[in-house]
Structure formats: structure tokens, C-alpha cells
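First the structure, in the form of C-alpha cells, and then the observations on it.
The values are calculated or read from the model by the stated rules, or taken from the named source; none is laboratory data. Please read these numbers as outputs of a predicted model, since none were measured by experiment. Reconstructed Cβ throughout: ideal geometry from the backbone, glycine too, with neighbour counts over all protein chains shown. Surface accessibility is based on the protein's heavy atoms, side chains included, excluding ligands, DNA and RNA. Shrake-Rupley method; radii C 1.70, N 1.55, O 1.52, S 1.80 Å.
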Amino acid sequence: DISLLPELFNMYPNLLGVNVTIPYKKAVIPYLDDLNEEAAAVGAVNVIKRTQMGLVGYNSDVFGFGGSLNKFLQHKDASMINNALVLGNGGAAKAVLYQLPKMGILPTLVSRTPTPDGITYDDLTPDIMNLNRLIIQTTPLGMSPYVDESPNIPYSLLTPRHFLYDLIYNPAETLFLKQGKARGAKTCNGHEMLVLQAIKSWDIWTSDL
């Protein structure tokens, strides 16, 4: 339970920091003493560092996602990708929504319920699917215990021009990616993002040692 976080740091006085994963990337913020500029802008934290000033929140998902996606989009068929659908509205989605505009890609949030700045799965028309050749999956659907589930997008509208990115890395190929690959779409899972964010996390924890 997230309320145990202060107790965790009290129990281990030599603990430099921790990583935070779903579903706590937003819920953890009230337990922190400060946020760095990027984490505050994103509105989600996946790295905590103990400092002399207390517990400070950071977001290394932005770094990990950006590096991984940039490599994925080096594919020759990825030219002129200017729009993306972001499936889900949790803490991981916030990092994606923050990073995409920095890469010149306009994101559209897709969730089950209407939001002021997004659309629902029922709104995914052929025109929208054709415009958004990049689709990024940030929900837990596809990982245990939801391995037989996937976001409710119109998979029949996917083409070899589409690029599907899933933040999940275990299993290596989710049902979301399998359905995209079956229609010729290029696919990428979140393993490299995991590695890159971990490297960034280590840099954060050890920067002043």
C-alpha cells in the first residue's frame, strides 16, 4: 500500500531511493517533499531519491520512452509520423504525453471515459486511425493477470503503415502487439524503455555521491 512508503524509508536509513511502478506513479506524489521540474510538469513520478531536503520525485520514464521511441521510428516507413494515439490515462501515459510533442508528434489521449483533452475508444473512426499511424499502449492490459486482454481499438483498420508501441515488456509480445503484427504493423515492446529509464534512475540516485 502506498501509505507504507514513509515507513519503508524509516526502516532502511541507508536507502538512497526507489523506483515506482503502476499503479502508484501519481498516488505517490503527496508523500514526497519535492518534485524536480520534469516530474512536476509530467504529473507523475517513477523515481524517488532521498536527499538532505527529504524525498524528491523524478521521472525517468520520459528519458526511457524518448530514447526507445526514437530508435523505433528510425524505420524507413516511419517518415512523416506527426500524430499518435496514446491509449490509457495513468501515470505512464503522462510521461508519453509529455515527451511526444518534444519529438514533433501531436498526441491524442484515448480512454474508456470522456476527458476534456481526449477521446474515447468509441470515437476511433477510420479517419482517426488513418491519421494516427503511431499508437502507444500504456494500460496494464496485456500483462499478468490481463494477458488475454487488449485495448478496444478497431484492429481491422490497422495497416502496414502503422507503428504499435506497447510499454509492457512482460510478456514480450502482448495481444495488442500480436494483433497489430497480424495486420502488418511494425511493433515494439517496452523492454528498451525499461532499461533506459533504469540507467537514468541510477544516474539520479548516484549523481552526488
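Does segment 117-137 include one or more residues that are among the acidic types (Asp, Glu), within 30 Å of Ile48 (Cβ to Cβ) and in contact with a Gly (Cβ under 8 Å, 6 or more places away or on another chain)?
There is no residue in segment 117-137 that is among the acidic types (Asp, Glu), within 30 Å of Ile48 (Cβ to Cβ) and in contact with a Gly (Cβ under 8 Å, 6 or more places away or on another chain).
Going by the structure shown, is Ile204 open to solvent by less than 70 Å² (accessible area, probe 1.4 Å), β-branched (Val, Ile, Thr) and not in a loop (DSSP other than H, G, I, E, B)?
yes
Only one of Val45, Val18 is assigned to a loop (DSSP other than H, G, I, E, B) and either modelled with pLDDT of 95 or more or of a type in the set (Asp, Glu) (or both); which?
Sole residue among the options that is assigned to a loop (DSSP other than H, G, I, E, B) and either modelled with pLDDT of 95 or more or of a type in the set (Asp, Glu) (or both): Val45.
Checking the structure you have, find out if any residue of segment 189-206 is among the aromatic types (Phe, Trp, Tyr) and farther than 23 Å from Leu109 by Cα.
Checked against the condition, which is being among the aromatic types (Phe, Trp, Tyr) and farther than 23 Å from Leu109 by Cα, segment 189-206 yields at least one hit.
Across segment 151-186, what is the total count of residues that are open to solvent by less than 40 Å² (accessible area, probe 1.4 Å) and under 21 Å from Ala95 (Cβ atoms)?
11
Of all helices (runs of 4 or more DSSP H) completely enclosed by segment 53-147, which ones contain at least 1 residues that are acidic (Asp, Glu) and either within 27 Å of Tyr31 (Cβ to Cβ) or open to solvent by 10 Å² or more (accessible area, probe 1.4 Å) (or both)?
Ranges flagged: 61-72, 126-131.
Quick check on Leu194: is it of a type in the set (A, V, I, L, M, F, W, C) and in contact with a Phe, Trp or Tyr (Cβ under 6 Å, 6 or more places away or on another chain)?
yes
Test of understanding: among Ile29, Ile22, Ile48, which residue is closer than 14 Å to Gln197 by Cβ, open to solvent by less than 50 Å² (accessible area, probe 1.4 Å) and among the aliphatic types (A, V, I, L, M)?
After applying the criteria, what remains is Ile48.
Could you please find all residues in segment 187-201 being over 28 Å from Leu55 (Cβ atoms) and either part of a loop (DSSP other than H, G, I, E, B) or open to solvent by 70 Å² or more (accessible area, probe 1.4 Å) (or both)?
Asn189, His191
Could you please tell me which pairs satisfy a Cβ distance under 7 Å, a separation of 6+ or placement on different chains, a first residue in segment 50-75 that is farther than 19 Å from Arg161 by Cα and of a type in the set (S, T, N, Q), and a second residue that is open to solvent by less than 40 Å² (accessible area, probe 1.4 Å) and assigned to a strand (DSSP E or B)?
Within 7 Å, the pairs are Asn59/Val47; Ser60/Val47.
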